[in-house]
1. For residues that are free of Cβ contacts under 8 Å to residues at least 40 places away in the same chain and surrounded by fewer than 13 Cβ atoms within 10 Å (Cβ to Cβ), scanning just the range 80-102, find the one that is nearest to residue 250 (Cα to Cα).
2. List every residue pair whose Cβ atoms sit under 8 Å apart, with the two residues 6 or more apart in sequence or on different chains, where the first one lies in the range 153-182 and is modelled with pLDDT of 95 or more and the second, anywhere, is of a type in the set (Lys, Arg) and crowded, with 18+ Cβ neighbours inside 10 Å.
3. For the range 149-188, enumerate the residues that are surrounded by fewer than 16 Cβ atoms within 10 Å (Cβ to Cβ) and outside any loop (DSSP other than H, G, I, E, B).
4. Quick check on residue 199: is it more than 18 Å from residue 272 (Cα to Cα) and buried (at least 20 other Cβ atoms within 10 Å of the Cβ)?
5. Among 231, 235, which is the only one that is surrounded by 17 or more Cβ atoms within 10 Å (Cβ to Cβ), among the hydroxyl-bearing types (Ser, Thr, Tyr) and in contact (Cβ under 8 Å) with a residue 12 or more places away in the chain?
6. Only one residue in 114, 77 is exposed (fewer than 15 other Cβ atoms within 10 Å of the Cβ) and under 25 Å from residue 249 (Cα atoms), so which one is that?
7. Could you check the range 217-271 and list, in sequence order, the residues that are in contact with a Phe, Trp or Tyr (Cβ under 6 Å, 6 or more places away or on another chain), more than 17 Å from residue 291 (Cα to Cα) and at pLDDT 95 or above?
8. Looking at the range 28-35, can you tell me whether even one residue there is surrounded by fewer than 12 Cβ atoms within 10 Å (Cβ to Cβ) and part of a loop (DSSP other than H, G, I, E, B)?
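The values are calculated or read from the model by the stated rules, or taken from the named source; none is laboratory data. The structure presented is a predicted model; accordingly, all values stated were derived computationally and were not measured. A quick note on method: Cβ atoms are made from the backbone with ideal geometry, for glycine too, and the neighbour counts reach across all protein chains shown.
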Amino acid sequence: MNELKDLRKKIEEIDRELQVLLRERMQISSEIGRYKLKQGLPIQNKIREEEIISKICGCYRKEIQEIYHSILKVSRDVQKADYFLVGGNLSYSFSPLIYRLFGLPAYQLYEAKDFNEVVKIPFQGINITNPFKKDAYKACSNVSPVAARLEAANVIVNREGAFYGDNTDYHGFACLLDHYGIDVSGKKVIIIGNGATAKVISAVLSERSVQRIIHLVRNMRSDNDRPISSYADYYDYDLIINATPYGTHPHWQNEALFPLRRFKNLEAAIDVVYNPHFTPLLKEAKSCGIKAVGGSYMLVAQAAWNMQL
């Protein structure tokens with residue numbers, strides 16, 4: 001009996017060592033998957049797999065080969081880029097962490113230069129950030145009413161080869177307002193920026209009976225755009241929202257785009273940037289005793305919405 005216990009103990013020790021090595025193998029496989037995604041390479045390399053199997057020799061050769069067939073299959077699954085975030089610079093992104101917590105352990109980042117590269121990848125679902133939200137919308141054969149109104153999509157689901165697009169940034173920002181108890185009805189709002197995210201925020205605010213919205217921008221495109229240097233003309237406004245990447249990691253900016261102390265009616269400052277947690281705008285708001293809200297809740301809320309698609 002003691003001999004059997006000793007043998008089982010040895011097997012348990014071997015199993016522990018195998019688990020460590022297999023985890024390391026899976027981590028490396030995941031890195032290989034990210035490389036293949038960036039290079040546009042296929043997941044399966046049959047010649048490579050046959051070479052690995054052919055090198056197995058000695059006792060229990062067939063049994064070990066059978067085990068390796070399973071290992072190689074799992075490695076392919078780990079390498080697959082079924083779900084990922086597409087954008088320009090993504091070094092700041094917390095999306096992989098969030099989606100892994102939501103049950104997508106292989107979620108990846110894909111920095112692209114051309115959105116046409118992306119649609120060739122056999123994905124199941126992707127998130128899209130700047131500068132590709134309009135490209136994503138155009139790539140879809142069917143979209144949600146929100147995405148259609150905004151002409152921008154931040155998520156695409158592959159439904160048997162047909163792309164369905166939605167704009168869950170809309171839902172994410174609406175959830176942020178509700179969560180922090182920010183009532184915009186009858187309020188005057190400054191949105192910094194006039195890109196896709198600013199358009200989403202403007203749509204949410206408009207549906208909540210905001211009194212007026214102006215966009216402070218560097219490059220004016222519409223009647224509601226004003227040069228950012230004219231911020232002093234709006235000292236009586238109630239809410240300021242940053243919808244630009246200003247202050248995002250790793251491109252640290254320490255100073256807010258303009259001071260807030262003379263905004264006499266300002267109730268809150270919201271920044272859609274979530275990394276770092278305290279952006280220049282939020283630091284300035286806190287120093288003035290103004291409610292400061294970052295973009296983390298919006299990110300998680302839109303991710304939760306994405307998981308339902």
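1. Filtering the range 80-102 down to residues free of Cβ contacts under 8 Å to residues at least 40 places away in the same chain leaves 89-90, 96-97, 100-101.
Next, from what is left, pick out any that are surrounded by fewer than 13 Cβ atoms within 10 Å (Cβ to Cβ): 97, 100-101.
Details: 97: 18, 100: 23, 101: 24 Å.
That would be 97.
2. Within 8 Å, the pairs are 153/133; 154/133; 167/133.
3. Of all residues in the range 149-188, those surrounded by fewer than 16 Cβ atoms within 10 Å (Cβ to Cβ) come to 149, 151, 159-162, 178-181, 183, 185-186.
Selection gives 149, 159, 162, 178, 179.
4. On the way: more than 18 Å from residue 272 (Cα to Cα): no; buried (at least 20 other Cβ atoms within 10 Å of the Cβ): yes.
Taking the combined requirement at face value, the residue does not satisfy it.
5. Details: 235 fails: surrounded by 17 or more Cβ atoms within 10 Å (Cβ to Cβ).
Unique residue meeting the criteria: 231.
6. Values: 77 fails: under 25 Å from residue 249 (Cα atoms).
Testing whether each residue is exposed (fewer than 15 other Cβ atoms within 10 Å of the Cβ) and under 25 Å from residue 249 (Cα atoms) leaves just 114.
7. Once the filter is applied, which keeps residues that are in contact with a Phe, Trp or Tyr (Cβ under 6 Å, 6 or more places away or on another chain), more than 17 Å from residue 291 (Cα to Cα) and at pLDDT 95 or above, the range 217-271 yields only 231.
8. No, there is no match, as no residue in the range 28-35 is surrounded by fewer than 12 Cβ atoms within 10 Å (Cβ to Cβ) and part of a loop (DSSP other than H, G, I, E, B).
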